[in-house]
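Notes to accompany the following structure.
A short reminder: the numbers here are calculations on the coordinates, not readings from a lab. Everything numeric here is computed off the predicted structure, so don't read it as measured data. Counting neighbours? That spans all protein chains shown, and the Cβs are built from the backbone with ideal geometry, glycine included.
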Amino acid sequence: MGLIQRAIEASGIATISISLSKNISQKVLPPRTVYTGLPLGHPIAFPGEIFRQKQILRILLRYLKEMNSPGTITDLDLTKGSDRSVTCDVCMVD
Amino acid sequence: MERKKQMGIEFNFKGNKDRLIAKLLTKYPSLVRKWAHRSKFIEFSDTPWTQFEKDISTCRLALVTTAGVHLASQKPFDMKNPAGDPTFREIPADTKPADLTITHNYYDHADADQDVNIVFPIERVQELAQSKEIGQVNYRHFSFMGHIMQHHIQTLMKETAPRVAAALTSDNVDIVILTPA
């Protein structure tokens, strides 16, 4: 996915992505990416978690604006591994 | 006929094996770290950069996913080619989740089958536009299937990814959010 992100950013559009693997992101170097700790297949949380899904998008938009160092991986802890019950304050269901 | 039958069995075996590995990787995140550590990826020492200074509440946003999402009426991604499928599908922004399906054996999409927004937040971005947190959602999004390998890495880098970038540029998109799976 990082390769696609690089092509879009190179065309003059600002991009931000979710990273599911810091190891891969460190190699492919997408322009801006946020590692959330969410498991494979769940970049935007779990089924039916509408508020949490929207909060993750809001977090991405916030970091789109804040990140000013190309190739940085913002490391956030929005969950504990695959334990969906342990989540950060901003993603608590309202 | 016999050969065709044998190929069918081989493909089914490959599909089942890929899906089993995908389930294990989803269940045990430490396996993803080990897999990523050992696998070879193209490595870069720098990255393209477009400075972003716009007011997000006025921006046009599009999604790009590599989760293998597509309209049920579109051609599924190719699961037979071990190098993956570097093509993409255009998804109209007003598509209902019920009209979408996922073709991708390399991650466990049982949860995404229940709620596609967890890999492709098509409804959530509409809601952000309704609450005026973003300006508008572009009339189309784009979807790829991840797991692009071997010669198709070049196909992706030289052909299909630039085509999607050009389409998004012609749509005057300001922000692209990319979601893997």
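Results, tabulated for the structure shown:
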item	result
Nitroxide proxy distance, nm - points 7 Å out along Cα→Cβ at B:Glu90 and B:Arg163	1.1
Highest-fluctuation residue, B:His151, B:His104, B:His141 considered, GNM on chain B with Cα pairs under 10 Å	B:His151
Where only alpha carbons of chain B are counted, the Rg and the Dmax (Å)	17.9, 62
Per-residue mean of C-beta atoms belonging to partner chains within 10 Å, peptide B:111-117	5
Ratio Rg/Rh, restricted to the protein assembly as shown and using Cα atoms, in which Rh is the Kirkwood radius	0.95
When each of A:Lys54/B:Lys96; B:Lys23/B:Lys80; A:Lys27/A:Lys54 is checked by Cα-Cα distance, pairs over 22 Å	A:Lys27/A:Lys54
Neighbourhood net charge (14 Å Cβ-Cβ; Lys/Arg +1, Asp/Glu -1) for A:Ala10	+2
Surface/4 of the Cα convex hull for segment A:2-91, nm²	5.7
R0 of 22 Å, Cβ-Cβ distance B:Ile153-B:Leu31: FRET efficiency to nearest 0.05	0.40
